[in-house]
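Okay, structure first, notes after.
The values are calculated or read from the model by the stated rules, or taken from the named source; none is laboratory data. Keep in mind that this is a model prediction, so the values were computed, not measured. All Cβ positions, even for glycine, are placed from backbone atoms using ideal geometry, and neighbour counts span all protein chains on display. The accessibility values were calculated without ligands, DNA or RNA, using every heavy atom of the protein model including side chains. Shrake-Rupley method; radii C 1.70, N 1.55, O 1.52, S 1.80 Å.
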Amino acid sequence: QVQLVESGGGLVQPGGSLRLSCAASGSIFRINDMGWYRQAPGKQRDLVATITSGGTTNYADSVKGRFTISRDNAKNTVYLQMNSLKPEDTAVYYCKAVVTTLRLGTFTSFDKWGQGTLVTVSS
């Protein structure tokens, strides 16, 4: 069993900051790419940022210069520092990890999603 648990969402005023965390636990052999996605009401889920196990990052144009993704491989945790938040950043934020497990000599890789954490940017 592999779990991703997110934390750090909440209500913040425009221009404010929040830091999201997502910790993976369970029978994990290796975590490859990790990332954050978001889904606003009535819209599709979109990529926010991703980070490889080596630390290479990728950002959606809408968050470049405002958000920073990072990870602690020893803790199997990914973070999203969000600064200069705007009302249009309001969404449920989901973390995703590409997880490899090893069981009975067999490697299996799959995408694992967290349950989501709500970020509301409003005055």
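Residues checked against (1) closer than 17 Å to residue 90 by Cβ; (2) out of contact with any Lys or Arg (no Cβ under 9 Å at 6 or more places or on another chain); (3) open to solvent by 80 Å² or more (accessible area, probe 1.4 Å); (4) among the polar types (S, T, N, Q):
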| position | (1), (2), (3), (4) |
| --- | --- |
| 10 | yes, yes, no, no |
| 16 | yes, yes, no, no |
| 20 | yes, yes, no, no |
| 45 | yes, no, yes, no |
| 54 | no, yes, no, no |
Fill in: Residue, most open to solvent (accessible area, probe 1.4 Å), within region 27-41, restricted to residues that are under 19 Å from residue 117 (Cβ atoms) and of a type outside the set (A, V, I, L, M)
41
Fill in: Filter result for residue 119 (of a type outside the set (Ser, Thr, Tyr), within 15 Å of the chain's Cα centre (by Cα) and open to solvent by less than 60 Å² (accessible area, probe 1.4 Å))
yes
Worksheet item: On the given criteria, is residue 64 without any contact (Cβ under 8 Å) to a residue 24 or more places away in the chain, open to solvent by 40 Å² or more (accessible area, probe 1.4 Å) and charged (D, E, K, R)?
Response: yes
Worksheet item: Exactly one of (1) under 18 Å from residue 20 (Cβ atoms); (2) of a type in the set (A, V, I, L, M); (3) open to solvent by 50 Å² or more (accessible area, probe 1.4 Å) is unmet by residue 91. Its number?
Response: (3)
Practice prompt. Quickly run through region 94-111 and pick out the residues that are touching a Lys or Arg at 6+ places or on another chain (Cβ under 7 Å) and open to solvent by 60 Å² or more (accessible area, probe 1.4 Å).
Written response: 111
